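Asker: My questions all concern the structure below.
A short reminder: the numbers here are calculations on the coordinates, not readings from a lab. Because the structure is a prediction, the values reported are computed rather than measured. In this analysis, Cβ positions are derived from the backbone assuming ideal geometry, glycine residues included, and neighbour counts consider all displayed protein chains.
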Amino acid sequence: MTLDLFYSRAGHLIRRMNQISVAIFLEETRALGLTTVQYAALNMIDEVPNIDQARLSSMIAFDTTTLVKVLDRLTEKGLITRTRSQTDRRKQLLNATAQGREVVRKIQPMIDRAEQRILAPLSLADRRKFMEMLTQLVNVNNVYSRAPLDSQLLHGLTGRRRQGAATSRKARAARK
């Protein structure tokens, strides 16, 4: 295999882009001391209170064995709590602490800057197209992942959140 062929392979380029993306994320979020996976877990825990470890694993597409170590770190940092489920003693329910919620709030502009830096070489039209194509590749190939994203859980969550937002809007309008 020639070096040109090696360096032009999709897998190689995707791996390199992941390395670059992680490096930029860590630069932008250095003050908070989170890894990309810690952020993904904390963000989902904040979005879905009382989520259990198995559901969390499915919703962030991360294997359960490694996720336990990530949750240990988040607990040590005081960003999440773990409590045993009252209905299923095998389950640990995860919740963001006040400090964890504050970190999620603070990290958003940092992630926006990281994304801007990653996509800066592309025009706005190319950015949209790149993200559409990347999303398509990830969705179609999700089944090959060691820890596939559970899209049914994700769609259920977004559906409930939209429904909850609509109910909240109606309740606010009724009070006016």
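Asker: Relative to the Cα centre, what is the charge dipole magnitude of the chain, using +1 at the beta carbon of each Lys and Arg, -1 at the beta carbon of each Asp and Glu, and rounding to the nearest 20 debye?
Answerer: 840 debye
Asker: Can you give the FRET efficiency for residue 119 and residue 5, using 1/(1 + (r/R0)^6), R0 = 25 Å, r = Cβ-Cβ distance, to the nearest 0.05?
Answerer: 0.40
Asker: Find the relative contact order for segment 31-117 and round it to a whole percent, using C-alpha pairs within less than 8 Å whose residues are 6+ positions apart.
Answerer: 32 percent
Asker: Can you sort 46, 88 by how many other beta carbons sit within 10 Å, fewest first?
Answerer: Ranking 46, 88 by Cβ neighbours within 10 Å, fewest first, gives 88, 46.
Asker: Any chance you could give the angle, 0 to 90 degrees and rounded to 10, that helix 64-76 forms with the longest Cα principal axis of the chain?
Answerer: Once rounded, one gets 60 degrees.
Asker: Also, quick follow-up: Select from 141, 87, 32 the residue farthest towards the positive end of the dipole of segment 3-175; place +1 on Cβ of Lys and Arg, -1 on Cβ of Asp and Glu, and compute about the Cα centre.
Answerer: 87
Asker: Right, another one. With each pseudo-label sitting 7 Å past Cα toward Cβ, what's the residue 112-residue 82 distance in nm, one decimal?
Answerer: 3.4 nm
Asker: Something else now. Which angle from 0 to 90°, rounded to the nearest 10, does the C-alpha axis of helix 124-141 make with the longest principal axis of the chain?
Answerer: Taking Cα atoms only, the helix is inclined about 70 degrees.
Asker: Another one. Within segment 92-111, whose backbone N sits under 14 Å from a point 7 Å along Cα→Cβ of residue 27?
Answerer: Flagged as within label range: 111.
Asker: Just subtract the alpha-carbon distance of residue 16 and residue 133 from 0.36 nm times their residue separation and send over the number in nm, one decimal.
Answerer: Going from the current span to full extension adds 40.4 nm.
Asker: Further question: Sort all Cα-Cα distances of segment 3-175 into consecutive 10 angstrom bins from zero, then give the percent of pairs in each bin up to the one containing the longest distance.
Answerer: With a bin width of 10 Å, the distribution comes to 8, 28, 37, 20, 6, 1, 0.
Asker: On C-alpha positions alone, give me the angle between the axis of helix 10-28 and the longest principal axis of the chain, in degrees, nearest 10.
Answerer: 50 degrees
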